[in-house]
Each structure stands twice: as structure tokens, then as C-alpha cells.
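The values are calculated or read from the model by the stated rules, or taken from the named source; none is laboratory data. Computed from a prediction, not measured in an experiment: that's the story for all the values here. For neighbour counting, all protein chains shown are included, and Cβ atoms are generated from backbone atoms with ideal geometry for every residue, glycine included. Each accessible area value is taken on the protein alone, full model and side chains, heavy atoms only, with ligands, DNA and RNA left out. Shrake-Rupley method; radii C 1.70, N 1.55, O 1.52, S 1.80 Å.
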Amino acid sequence: MAKKTQGAVEQEWLAAHECASRIGLTVRALRLYEQRGLIRPRRTDKGWRLYGAGEIARLHEILALKRLGLSLSSIVALLQGKAIDLERILTLQSQALSRQRVQAERGLALVETARATLSAGHTLSIEDLITLAKETNMTELTPDSVARRRYEQARPRTAVRLDPALFERYVGHYRHPSGAIIAVERCGDSLFGQLTGQPALELFAEAEDAFFLKAVPAQIGFAASRGGAAPSLTLSQEGFDVVALRIDTDEAAAQEAAIAARVRNRTPHPGSEAALRAIIVEQREGRTGEERMSRELAIVVGEQFPFVQAELAAKGDLRQLVFKGVEPSGPADIYEAQFANGKLEWGIGLADDGKVHALWLTPSR
């Protein structure tokens, strides 16, 4: 450790191993952040790196953003060339912790209500138990858990050779909660998966019931079937796991025909406009609108919320929503939101349970 006097202020400097140890990082991580231009440690006459208060503050920003689920590339894009803004980062952390606290308090309230019901000699209904299970699930998705899953899903994978005859148990159609269909087909010695409106992609085996895609960092796992057809699959992508249930060929064809008709006839989902209008109003008022969203989407929206809120504040009051069409692969409805000071294009998709499962915005074309 070195110290340098600057007038009346004594600046403390840490060597790389000291900095890494005290913060809980590795020296390799420090080197990576330096290579990406996020930190610029000083050098001694002999070339040794020294880390001072500025570098420590920047590392705090990086770690906070990682805990919020941002990828390193996103962090680089956000921070590179910008001054350190710990107040903004602390605000983001405060918002994330506040959401967790609200969830914990809601869960505790439900638990105490359930205990009181049992103490009074009553029983809990199935709906009560389902609600309790959902709201008190301590493995609830968090920015931390999503970030870990993103890392796991993005790691390199090695394909193994399987007997192609095993693929037959996976062939079929699976209904995604969005309403889209995942079609799994065997072509010779290869297995392919195709989501409604998207091209077919080859699935590479890494275990008997676990496959991965090379085109995107995503994996598909099939439920155990005891030799029969797999009853479901799990799509793991972008830090989330989504279960799709097997459906028969006729039901899949009818669902895909319905989606195609919505796209062709430009028919919006009956609830999409009202849901989008409510979310825009809530986000302008400082609320994410997570009660209307799937757990997965609520995490993503929470990560991006400060930036979205700033964009909405600049646009002013919402004047009109104009339906533009249906995205074939969502299927999500596309709207042009006309504000007092400009326009934004929004996409919104509703899942089978009525929750919003997809939401994005871009500058209007």
C-alpha cells in the first residue's frame, strides 16, 4: 500500500492484489475492467498499478450494475467516457432493494394471514395455497440471480453425440406462455427447434435431455418422460427459464393459424392497449407497473427503469396510442405512442395468464 500527500490531503493507494482482496474481486477482473476502459489505475516508475479513491468508486459502480443484471458490454456502453455518478448508482441500488423489501413484506403479511386462518380452525383453499407459494417463494427472481443465470447460459458448451433415435421422444409441439409455438423436429441425425415466426435452429446435445443453440446463448431442456414423449420443455435464455407444455398437432396448428390471422388482419390483443396505456402512465409517475407483468419481465423493466423514466419525462404527456400491427414472432402488438414532445414505438405481449410478458420501446420510425 502506498500513500501520497496532496497538499493537506493524504491520498491512499492500493496495489492490485490489495484492491482485489479488499473489494472481493480477482486481479484478473481488475485487468479485464482496465482492458475494457472502465478503470485507469496509475502506474509507478516500475510499472506497478495503483488504485485510489477514483478507481474504487468506479469499481463500486461496476459491481452495482452487475448486481442489477447488466452485462459487462452494457456496463461499458453505459460508463465508458462518463464521469462517476455514485448518486445515480446508489439510487438504482435503493430502488432494487426497496422492491425486494416490498416483496418480503407482502409475503410476510400473507404468511401471518394464513397462520391466523389456521389458528381459527379454518383451512386454506387451493387458491390461497397457490397465492402463498407464489408470493413467498424465497427463490424469487432477483437481479443477482438473473445475472448469474445469464452468465451460466452464455458460457461455452461442448456438443456430445447421442443416438438420434432418442430425438423421437422430443419431437412435437410445445406451447410457450406467450401463445407462440415451439416446434421440435428431427431431420436425419439432427434435431431442430422453431419458434413461431422465426427460422428453425439446430439443437446440439450436451446431455441426453439437455440441448443448446449455437446461434444464440440459449438452451432447451426436456422433461423426463420414462421413455415416452417429453411432456414439456424449458427454454433458458436471457437469464430466465420458461416452461412450454406439449400440445397435440391439431392444437398447435390452430394456435399458429390464430396468430397468423392476427398478423394478417392486424388485430390487436383485446387487452393490450389498456395495459400499455396504464404502464406508460405508471412509469411516468415513478412506478414500474410490475404488478401487471410476469416476474421475468418485472426484473428486466426494473433494470432499465431509470432510463425509461427519463425518456418518458422528456416526452411529456401521452396524447394518443396508435395500433400499428402484430409482430409475427411474439406475438406482440406494436403501438406508436404520441406524446406532447415526440413519439415512441412500443411493443407489448400478453401471456396466457393475462400478465404482460414482453415490453419494449424504440424511437418511432
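Structure values in brief
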quantity: Matching residues, the stretch 339-357, being buried (at least 17 other Cβ atoms within 10 Å of the Cβ) and either more than 13 Å from residue 269 (Cβ to Cβ) or touching a residue at least 40 places away in the same chain (Cβ under 8 Å) (or both); calculated: 339, 344, 346, 348, 349, 350, 351, 355, 356, 357
quantity: Per-region count, the stretch 1-47, residues modelled with pLDDT of 85 or more, within 30 Å of residue 73 (Cβ to Cβ) and among the charged types (D, E, K, R); calculated: 8
quantity: Residue satisfying condition, being closer than 26 Å to residue 179 by Cα and open to solvent by 60 Å² or more (accessible area, probe 1.4 Å), within set 363, 270, 331; calculated: 270
quantity: Qualifying residues in the stretch 182-234 (those that are in contact with an Asp or Glu (Cβ under 9 Å, 6 or more places away or on another chain) and polar (S, T, N, Q)) - the one nearest to residue 253 (Cα to Cα); calculated: 196
quantity: Subset of the stretch 167-190 [among the aliphatic types (A, V, I, L, M) and over 22 Å from the mean Cα position of the chain (by Cα)]; calculated: 171, 183, 184
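Quick grid of which residues meet (1) at pLDDT 90 or above; (2) in contact with a strand residue (DSSP E or B) (Cβ under 9 Å, 6 or more places away or on another chain); (3) surrounded by 16 or more Cβ atoms within 10 Å (Cβ to Cβ):
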residue	(1), (2), (3)
204	yes, yes, yes
207	yes, yes, no
219	yes, yes, yes
223	no, yes, no
238	no, yes, yes
241	no, yes, no
248	yes, yes, no
